[in-house]
Amino acid sequence: SARIKTLEGELDTELFERQGRGIILTEKGKAFIPFAEQIIRTFQQGKKQLKAGSDLEEITIGANIITSQYFIPFALPLWKEKNPDLRFKFISATNEELMDKLLLKQVDIAFMKDVAHSGLQNHKTLDNSIRLVVYPGHPFQIQTELSVQTLAMEPLVFFECGAFDWNQVHKIFEVSNVEPRFEFQVNHLEVAKSLIVSGSCIGFLPYLCIKKE
């Protein structure tokens, strides 16, 4: 091959002799084997030494507010357990900030809402769909069908967060031309959950934050 010819040119001697469709080592080729093996061993030892002396490989993970609070704290220890040679760096940011960081290669992976961009690859990994959440004993618990008009009569909590797409919720009421009864407006998930648990209202929340309940 070209590599053999190059090596023979460097050494100024033939290492292999062609016989039919195969090749065999010449006497000088056999004499060169111990030196070649020594070169390989030295290279491998040097590579191993460099790897041992270097820092752990780092991976930077980003997540939006909801995923940061309800998924990352449980996932990071598991990832570290399965990848002990990796060092994990975590960043919490808005969906827009995460997209910019991905494009600038400031983060390697980001858990965020679905975005369409030619420079990014998307893979669905978490169910963070929007669910209607009611308190224990609420009549909606046993209802199999629910009209938008009936829903609009209930006191609702409006959870305001950049990681949560409220457009989907508003469209439910807009299509039926009804005005929802928002009694509370909060920007913290646990506050919204507490209001619902207390029986003060019902609301739409991301599945990720109520999964344990």
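Read-outs: derived from the displayed coordinates by stated rules, not from any lab. In this text, all values refer to a predicted model and were calculated from it rather than measured experimentally. When we count neighbours, we look across all protein chains shown, and the Cβ atoms used for this are built from the backbone with ideal geometry, even at glycine.
Taking 4 °C and 1.567 mPa s as the conditions, I'd like the Stokes-Einstein D for the stretch 56-126 in µm²/s, using the Kirkwood hydrodynamic radius from alpha carbon pairs.
Details: Rh = 12.6 Å.
Diffusion coefficient, whole number: 103 µm²/s.
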Using a Cα-Cα cut-off of under 17 Å, which aspartates and glutamates could be cross-linked to residue 124, ignoring same-chain neighbours fewer than 8 residues away?
108, 114, 165
Taking the highest mean first, how do the peptides 97-104, 176-183 order by number of other beta carbon atoms within 10 angstrom per residue?
97-104, 176-183
On the principal axes of its Cα set, how long, how wide and how thick is the chain? Give whole Å, largest value first.
95, 36, 33
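Against the empirical 2.2 N^0.38 Å scaling, what ratio does the C-alpha Rg of the stretch 130-209 come to?
So the Cα radius of gyration is 1.03 times the expected 2.2 N^0.38 Å.
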Among 69-79, 148-158, how do they line up by average Cβ neighbours within 10 Å per residue, starting with the highest?
148-158, 69-79
